[in-house]
Structures are given as C-alpha cells and as structure tokens.
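Undergrad: Below is the structure I would like to discuss, written out as structure tokens.
The values are calculated or read from the model by the stated rules, or taken from the named source; none is laboratory data. Here the structure is a predicted model, which means the values were calculated and not measured. So basically every Cβ, Gly included, is an ideal-geometry build from the backbone, and we count neighbours across all protein chains shown. Accessible surface areas use protein heavy atoms only, side chains included; no ligands, DNA or RNA. Shrake-Rupley method; radii C 1.70, N 1.55, O 1.52, S 1.80 Å.
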Amino acid sequence: MALPWRHCWRWASGSTRTSLLETICCFNGGSATSLLRGTGTATGSGNEVRFHRAGLLSPRQKVNQHKSRFLYPTPKPCYCKKIHSDAKLEDPFTLAQKDLNHLYDDIKKELFVSKSELKSICDYYFDGKGKAFRPMIVVLMARACNSHSSRDGDLLPGQRSIAMISEMIHTASLVHDDVIDGSDKRRGKTTINEVWGERKAILAGDFILSAASVALARIGNNTVVSVLSQVTEDLVRGEFMQLGSKENEKERFKHYLDKTFKKTASLIANSCKAVSILVNSDPEVHEIAFQYGRNVGIAFQLVDDVLDFTACASQLGKPSATDLKLGLATGPVLFACQQFPELQGMIMRRFSSSGDVARAWQYVQESEGVDQTNYLAQHYCQEAIRQISLLRPSLERDALIRLTQMVLTRDK
C-alpha cells in the first residue's frame, strides 16, 4: 500500500533556527567560545589535535563518524532511504541549461535603450560568458519545488523571470562594488568604471537595478515583490557592515558572517524562496528553499574568501589578495588571528600601515585559517543538503545536492 509522502519528507527533529556557530558547536560537542578561541582538550594525531583546537572534527574523524546527527536528525520511519545512491547525481549546469539558454538575450531585452553608450555599458557583463551560478540555482530550486508540489512541465513564467532578475541584481551589485573598491578587473575583463568612468558605471548599475525592479513588478505577486525587495536592502546594509569591524573577537566573527549573508547569500536565499512561493503555499517549503539558498550562499562566499589566498589572479579573473588590500578581514584572517594575535591590531587599522598586507598574508599562510574556513564552508553545505533533502526526490533536487560539492571544490 502506498504510504503518504508527507509522513516521509518531514523529520522529527526540533527547531533548526539556531545560529550557525551554535549549530557547528553543537555538532562537535563544543561551545561557541571553543570554536572561536580554539580551547578544549586535544587528543589524537597531530592533524586531529589541530582540528580539535578549533572545535572541529578532523577529516579522518569526520569520515569515521557514522551518520552524524547533524546530517541525520532523529527520524521517524522513512520509506525513501535510497534518495540518490543508485544513480549518478545530475550535473547542475547541464540540467539547468535548457532553462538558461535565452537568459542573457532576455536580460538584454529588459535593458533595451535607444542611447547606444548606455546600452553598451549595460550589455558589457551580459555577454554569455558568466557562470550564471545564481540563475542556475534558482531554476533548479523552482523545478525541485514544482516536483515536490506534483507540478510537472515547464517553469512558471514568474519563476523564469526570478532567475533572470537574480542575475540582473547580482550584476548591478558588481558594477557598484567595483566603483566602491576601485577595481580594474572583473571576470577577466577591464571593469566598467575603468572603461567608462565611475559616474557612468554608477548610473549603469542603477539602470540595471531599475530594470530588474520593473521585471519584478510584472510578476504580479506582492509576496514575491516583498521577498526580493529585501535583497536590495541587504546588499546596502552588507556594504555598510563591510566598512566597519568589531574589536571583540567573537563579535567580529558574527559580524563577518552577518555581512556575508547580506552581501552574498541573501540574493540566493530569497530568490529560492520566491520561486517556491509561486508554486506552493506551504511556509515550510518556503523555509526549506530559503535555508538551502542561505547555506549554499554563505559557503560559496567562504570558499571565495579562501581562494583570495590560494588561487592566482589568472584563475580568479581578478587580482589575488584583494580583500587584504581593501582592508577586509575575511574568514582565513579571523581564524589565523587565534594563532597570531599580532593580527588583531592590523585588523582594527584595516591593514593600512606599511607592510601590514604582506605580514597578514604570511600569517594566514602559516596558520590553519584556510583549512578552518574550508571546514566551516563544509558545515554550511551539510546543512544545505539536510534542508533540500526534505523535498520529494527529483533530478533537480539531487542536482542541488551535487552543487554543494561543486561549491566546495571550485578553484575560481
């Protein structure tokens, strides 16, 4: 006899609305203080001692731990244990390609203007050579939610529009970021502010954002408009947060993670939530979509912050060590500060003194900051997997699971 699906896809775990640090510390049986300060009794091999001091499991311990409660909350009987074990997980980019074939053409239609120079500026980054990472997540989430809601076939027009809007908002924010940071390279190209000047770059970013707002209004769903409007507010607040720091070590790390959500993850999280709203009225489904986007988005940025220390400029398409030169203390630096307290003063003066950038770079290389930031990204991806696994199995859902692996292993 067929069993009701609802009995299967909901876990019997308690509330998941704890902070990231609480979740990680709970997973490892430690405390927020031990994670930030590296306290605790060290046992095991040298590598295990290193991870234990950070309040983390070593890779070997992680492999040996059988079905951790972080990934497997206490379940009621579940009748779909073989979620994706018998088949190779779909490549996310391949699976989403059909829905993204006309993405950039559609964006250019939204940005159509008679003034040739403005059109050239606005089209500059929409050349089809970008990864389209955010629209890909959005269309996969849309299809996963559609399957969960027993709706097959093409994406809803509004869902397709949200994928397009997510790329427009993202690109507009990049144009403005490059002006603020004085960047001269983006995606392997000379930045708009270098080619056309700062004033025209700012206006072009504004125009792209306004066109995205018009497209959003056309969807005609007030809840979706409200959800995606939050993204713009978060982007601005995140930029202001980036201009400041905290003296207290624990507060500084929370500040960094909050800023990371607002500047990077909010767009992904709220776009995922928006496409779920259009097809399903269940707030729990909306929360699953939001939490998947939130966790993947933060993990993506954590890896990006690591690459600033480990990848060369040709891989990144922009200069390396950019964050330090901008005075920003990202995850690798904040973790390194636990081992090298000398970084404290550099962080507070935003690496502005002569030799600060070079010394900070060296401290990070000699510390476990990169490893610990990567491990933190793994925890976010594990939570993303836990969230998306609550949806009914589908090719798109499994592709979103595989996407977490790609986020962690990317090199640019």
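Undergrad: Provide the net charge surrounding Ala201, with neighbours chosen by a C-beta distance below 9 Å and charges set as Lys +1, Arg +1, Asp -1, Glu -1.
TA: My count for the surroundings of Ala201 gives -1.
Undergrad: Something else about it: Given a 1.4 Å probe and every protein chain left where it sits, what share in percent of the accessible area of the stretch 100-251 is carbon and sulfur?
TA: Result for the stretch 100-251: 50 percent of the exposed heavy-atom area is carbon or sulfur.
Undergrad: On average, how much accessible surface per residue is there in the stretch 178-266, in Å², for a 1.4 Å probe, leaving out ligands, DNA and RNA?
TA: Each residue of the stretch 178-266 exposes 52 Å² on average to a 1.4 Å probe.
Undergrad: Counting Lys and Arg as +1 and Asp and Glu as -1, what is the net charge of the other residues whose Cβ lies under 11 Å from the Cβ of Gly130?
TA: In short, +4.
Undergrad: Next question. I'd like the carbon and sulfur percentage of the solvent accessible area for the stretch 273-392, probe radius 1.4 Å, heavy atoms only, ligands and nucleic acids excluded.
TA: Carbon with sulfur: 49 percent of the solvent-accessible area.
Undergrad: Could you pull the accessible area for Thr264 with a 1.4 Å probe, rounded to 10 Å²?
TA: The accessible area of Thr264 comes to roughly 20 Å².
Undergrad: Near Arg160, within a Cβ-to-Cβ distance under 10 Å, what is the net charge of the other residues, with Lys and Arg +1 and Asp and Glu -1?
TA: -3
Undergrad: Return the whole-Å distance between the Cα centroid of the stretch 322-347 and the Cα centroid of the stretch 152-216.
TA: 30
Undergrad: Whole number in Å², please: accessible area per residue of the stretch 267-379, 1.4 Å probe, ligands, DNA and RNA not counted.
TA: Per-residue accessible area for the stretch 267-379 comes out at 33 Å².
Undergrad: Which of the chymotrypsin sites (Phe, Trp or Tyr not before Pro) across the stretch 96-167 are loop residues per DSSP, with 15 or fewer other Cβ within 10 Å?
TA: In loop regions of the stretch 96-167 (DSSP not H, G, I, E or B), the sparsely surrounded chymotrypsin sites (Phe, Trp or Tyr not before Pro) are Phe112.
Undergrad: Taking a probe of 1.4 angstrom, what is the accessible area of Val214 in Å², to the nearest 10?
TA: It works out to around 80 Å².
Undergrad: So what is the relative contact order for the stretch 148-254, in percent, with contacts set as C-alpha pairs under 8 Å and at least six apart?
TA: Contact order relative to length: 24 percent.
Undergrad: Right, here's the next one. Normalised radius of gyration for the stretch 223-354, please: alpha carbon Rg relative to 2.2 N^0.38 Å, two decimal places.
TA: Taking N as the residue count of the stretch 223-354, the ratio is 1.20.
Undergrad: Need the C-alpha centroid separation for the stretch 260-293 versus the stretch 358-399, integer Å.
TA: Here the two parts' Cα centres lie 19 Å apart.
Undergrad: Can I ask one more? Could you work out the relative contact order of the stretch 271-412? I mean the mean sequence separation of Cα pairs under 8 Å and 6+ apart, divided by the number of residues, in percent.
TA: 33
Undergrad: Sticking with this structure for a sec: For the stretch 147-273, what does the alpha-carbon gyration tensor say about shape, rounded, prolate or oblate, given a ≥ b ≥ c as the root eigenvalues, a/c under 1.5 as rounded, and a/b over b/c as prolate?
TA: It comes out oblate by the Cα gyration axes.
Undergrad: Rounded to the nearest 0.05, what FRET efficiency do Arg410 and Ile180 give with R0 = 35 Å and r taken as the Cβ-Cβ distance? Could you check?
TA: Efficiency computed from Cβ-Cβ geometry: 0.90.
Undergrad: Right, here's the next one. In the stretch 176-260, which GluC sites (Glu not before Pro) are in a loop and have at most 11 other Cβ atoms within 10 Å, using DSSP for the loop call?
TA: Glu247
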